[in-house]
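The values are calculated or read from the model by the stated rules, or taken from the named source; none is laboratory data. Everything numeric here is computed off the predicted structure, so don't read it as measured data. FYI the Cβ positions are ideal-geometry reconstructions off the backbone, even for glycines, and counts take in every protein chain you see. Please note that ligands, DNA and RNA were not included when accessible areas were found on the heavy atoms of the full protein model with its side chains. Shrake-Rupley method; radii C 1.70, N 1.55, O 1.52, S 1.80 Å.
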Amino acid sequence: MLIDSHCHLSHNDYENVLDIINNMKDNIMIVSGADYESNIDVVDLCKRYDNIYGVLGIHPTEITDNIEEHLKYIEEHINDKHIVGIGEIGLDYHYECNKDLQKEIFIRQIKLALKYQKPIVIHTRDAIQDTYDILNSENAYQVNVTIHCFSESLEMAKLFIKKGAKLGIGGIVTFKNAKKTVDVVQNIDLKHILLETDSPYLAPEPLRGTKNEPKNVYLVAKKIAEIKNMDIADVIEITTSNSKTQFDLK
Ligand SMILES: [Zn+2]
C-alpha cells in the first residue's frame, strides 16, 4: 500500500475527482487544504472516503481579507473525521509579498496545531531561514512536522531532521536538474522521508508537464529505490509506515 502524503483534490483541481480517487483504491491519500474553498473540500472528502485523510490550512500566498473567518473554519473542523493536521502553512517569498503578514498567519496556525496537538505540514519557498527560525522559536516540534516538497540543500535537510522533522519527497526528485534533491535522498535515511505528489502539480518523469495525480506517487517510490539502490517494495513499506506514524493514521 502506498501513501501519497500530500496532494490536492479540490473540485478546482480536477474535472472528475472520482476517477482520480478510484485510481488510488487500496492506497491512501492525505489531501491538503490551501485556502477557504479547498479546506471545505478537504473536510468533505475526508467524510466520504475511508482512504482519504486531510490537513487544513491557509497557504502563505492565499491570505485574504477574510482570514479571520478562514482560521475560524479550520479550528471548527480540526477534530473532524480523518482531519489529521494543519497544512499547508508556511512562508513563500517567491513573489513580492507582505512578509510580516505571512509570518503572523504562519505563527497563528502553528499555535493552533499546538493547541490541538496536531501535526503540521510546511510549505516553504525562498524563505527557508525564516521558516526554520519560526519553527524553532514557536516550539513547533512538540508536534510532528513535515517539510512538504523538500527541495533545499542536504545541509538544511540535516538541520530539520535533527529537530525531528520529516521530509516530503515528490516528483522533483525525478527531474533531470534535481541534483540537490537526489543528493538529499541519497544521504538521508529513508526513515525520515515521506512520499508525496503535490498533485495536480509537479508530475514526475516521464509524465512531467502533465496534470499530476496521486497514483503517480509510485513513480516517486521507483526513483527513490533507484537512487538508494533498494527494492521498491522496501521503499514503499518503509515510507508508508513513516506516513502512518507521522499523521497517526489508524
Ligand atoms: Zn501542496
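Annotations for the structure displayed:
- Once segment 93-121 is narrowed to residues that are part of a loop (DSSP other than H, G, I, E, B) and out of contact with any Asp or Glu (no Cβ under 6 Å at 6 or more places or on another chain), the residue that is farthest from the ligand (Cβ to nearest atom) is Q117.
- Looking only at segment 79-99, and only at residues there that are buried (at least 20 other Cβ atoms within 10 Å of the Cβ) and of a type in the set (A, V, I, L, M, F, W, C), the one that is nearest to Y49 (Cα to Cα): I83
- If you go through segment 226-250 and pick out every residue that is assigned to a loop (DSSP other than H, G, I, E, B) and within 16 Å of the ligand (Cβ to nearest atom), you end up with 1.
- The residues on offer are L202, L207, and the sole one that is open to solvent by 10 Å² or more (accessible area, probe 1.4 Å) and within 18 Å of the chain's Cα centre (by Cα) is L202.
- E196 open to solvent by 10 Å² or more (accessible area, probe 1.4 Å) and either under 19 Å from M230 (Cα atoms) or of a type outside the set (V, I, T) (or both): no
- Check on T124, hydroxyl-bearing (S, T, Y), surrounded by 22 or more Cβ atoms within 10 Å (Cβ to Cβ) and assigned to a helix (DSSP H, G or I): no
- Which listed residue is open to solvent by 30 Å² or more (accessible area, probe 1.4 Å), part of a helix (DSSP H, G or I) and closer than 26 Å to I110 by Cα, from K223, K215, K180, K158: K158
- Residues that are open to solvent by 10 Å² or more (accessible area, probe 1.4 Å), under 15 Å from D198 (Cα atoms) and in contact (Cβ under 8 Å) with a residue 60 or more places away in the chain, drawn from segment 6-36: H8, D13, Y14, I20, I28
- Flag if K163 is modelled with pLDDT of 95 or more and open to solvent by 10 Å² or more (accessible area, probe 1.4 Å): yes
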